[in-house]
Amino acid sequence: MRAFGRRTLVKMLASLPLAAASAGYAAEIRRVGGARILVMDERVWIQVRIRGQGPFPFVIDTGADMNLIRKDLAQRLGLQERHDQLASGVGGTQRFTIYGAPDVAFGNVGVGAIDFSAYDAAELPIHREAMGALSASMLTVADCDLDFEALEWRIYPDGRGDRNGFEALPSSIRGSVRRIGATPVLVDAAIGGRTYRLELDTGSPPQISLFPGATKRSGLWNGDTPYAPIQHSGIGGRGAHGRLVRLPEVRLGTIAFERPLISLSDPEAPSVGGADGLLGLGLIQRLNLSSDVKGGRLWAQRNSRPAAPEHYGLSGLWVDAKDGRLVVTDVSPLSPAAAAGLQVGDEIPGVALRDWVRKLAGMPGEVIEVAYERGGKPATARLTLRPYL
């Protein structure tokens with residue numbers, strides 16, 4: 001994670017005032033407002049003012065169906081506590097206290113009163129510098145653009161008008177702004193000869209994530225496909241183990257992305273939500289998006305942003321702490337760990353889990369000496385970190 005503070009983030013957002021050029025869009029657009037955004041640390045950032053105070057750095061999380069605020073900020077601003085609410089996520093259920101916030105503004109757009117679900121920063125992994133998160137309503141309360149080329153969020157209360165240069169994706173914006181929770185944006189993605197309905201989720205760093213049922217249908221969770229072991233986390237804490245795999249191509253309508261990384265959930269884990277998975281920020285930021293709320297669909301155009309740097313473990317090894325020892329619980333085929341001869345069930349004595357995780361996070365070419373035991377007999381392996389997906 002990049003080392004920057006909240007003051008630096010606020011200054012960077014403030015240095016990008018909303019461009020007057022936004023008014024240069026189609027002449028039939030009678031009103032337009034908006035705010036500047038930043039893409040940093042695998043998050044989309046925007047300034048928020050509450051009760052005339054701030055601005056505060058929030059992230060836009062279109063995969064969330066509720067707006068979130070840090071509990072310490074809600075209390076500092078003297079927001080009114082309303083009631084409690086349970087929410088479900090990959091780690092289970094979590095209880096939130098709802099606070100009412102009057103006079104909220106994003107950029108030059110005053111949006112009036114908003115309810116926020118309060119969270120403890122130590123419990124929910126949004127970002128250490130974020131003071132909250134804004135839900136899918138950022139695209140679904142009215143026609144909106146999320147422009148990653150101009151770095152702007154724009155809202156068109158009277159309708160967006162022509163979308164020249166954009167393509168209508170196979171998609172849907174379900175429900176109504178009057179429903180409880182934000183309306184999700186769903187997009188069809190063609191992956192490996194199959195079509196999956198994915199929820200648009202700027203709060204998910206991976207390029208694409210498949211839920212358990214979709215993972216099972218895909219056939220990608222097998223003993224032959226190389227993968228990087230991962231563990232999902234979110235509302236409710238940490239979830240089950242998963243895998244990152246590389247595929248030749250993903251298509252959204254006619255827009256193609258080559259060699260994406262796909263996050264797979266354990267196919268035997270409980271199902272999550274009604275979608276097949278998530279379309280994450282890794283691909284979203286390479287598009288300019290425009291929501292057509294009345295038409296119930298999403299439009300997109302490819303922008304000039306380069307692919308974001310990819311991050312995954314270079315060992316193909318996963319270990320867990322059991323009874324004071326580290327035990328190998330996963331080894332990917334064709335990975336450095338497999339090449340070194342390590343196997344599930346091998347025990348690594350005398351090393352703390354935190355130290356071991358730090359060691360495996362090394363750079364390509366780094367050689368790690370692994371002293372382990374198999375069936376009570378000591379052995380040593382040499383593992384060379386390298387990209388293998």
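Tabulated data for the structure shown
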quantity: Partners for K377 among aspartates and glutamates (Cα-Cα distance below 17 Å; same-chain residues under 8 apart left out); calculated: D346, E347, E369
quantity: All lysines inside 21 Å of K71 as judged from Cα atoms, apart from same-chain residues fewer than 8 positions distant; calculated: none
quantity: Segment 104-158 and segment 368-389: distance between their alpha carbon centers, rounded to Å; calculated: 46
quantity: For segment 29-84, fraction of C-alpha pairs farther apart than 18 Å, in %; calculated: 47
quantity: Solvent exposure of segment 185-298 as accessible area per residue, Å², 1.4 Å probe; calculated: 38
quantity: Reciprocal of mean inverse Cα separation for segment 318-389 (Kirkwood radius, Å); calculated: 12.4
quantity: Cα-based reach from K216 at 17 Å (exclusive), listing aspartates and glutamates while leaving out same-chain residues under 8 positions away; calculated: D224, D266, E268, D276
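The values are calculated or read from the model by the stated rules, or taken from the named source; none is laboratory data. Remember, predicted model here, so these are calculated numbers, not experimental data. Quick note on the areas: whole protein, heavy atoms, side chains included, nothing else; ligands and nucleic acids left out. Shrake-Rupley method; radii C 1.70, N 1.55, O 1.52, S 1.80 Å.
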